[in-house]
Amino acid sequence: MLLLKIVAILIIIDGIVVLLKPDFMKKFFEIFTQGSKIYLAAVIKAVFALIFLFGASKGCAHEWVIILFGILALAGAVFIVALPQKSRAMVAWFAARNNTILRFLSIIYLLIGALLVYSA
């Protein structure tokens with residue numbers, strides 16, 4: 001459960017970084033559009049999925065929220081592996097967005113992180 005809270009706090013920190021420096025996220029996205037680096041994103045998503053799925057316990061305030069995000073992360077990892085070209089296209093689409101849209105998305109990301117911290 002501690003690892004779950006650490007990951008949720010890291011999500012919040014990431015959301016704050018994107019809110020303040022959206023260009024950082026654009027550069028990060030551009031890395032994943034090159035070659036086989038998209039599979040690194042799948043590995044990261046799979047690790048998050050495992051942390052969420054195995055970290056969810058009866059001690060969590062809202063166990064179902066953690067499990068739901070674990071399933072979504074696992075589905076995202078499978079999507080990346082199954083359709084790498086579509087995944088690269090999606091990442092490129094996000095990289096092409098303007099800073100205002102990325103800041104708006106980072107606020108949503110912050111809210112998800114807060115929900116995960118609360119639920120864990």
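What follows draws every value from the coordinates through simple rules; no lab data is involved. Every value quoted in this text rests on a predicted model; they were computed, and no experiment measured them. Cβ coordinates were reconstructed from backbone atoms using ideal geometry, including for glycine residues, and neighbour counts include every protein chain displayed.
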Checklist line | Within region 95-120, considering residues that are surrounded by fewer than 17 Cβ atoms within 10 Å (Cβ to Cβ) and among the aromatic types (Phe, Trp, Tyr), the one nearest to Phe52 (Cα to Cα) | finding: Tyr118
Checklist line | Qualifying residues in region 55-66 (those that are in contact (Cβ under 8 Å) with a residue 12 or more places away in the chain and part of a helix (DSSP H, G or I)) - the one farthest from the chain's Cα centre (by Cα) | finding: Glu63
Next item on the list: Determine, yes or no, whether Leu116 is free of Cβ contacts under 8 Å to residues at least 40 places away in the same chain and within 19 Å of Leu4 (Cβ to Cβ).
Entry: no
Next item on the list: Within region 21-38, work out how many residues are of a type in the set (S, T, N, Q) and assigned to a helix (DSSP H, G or I).
Entry: 1
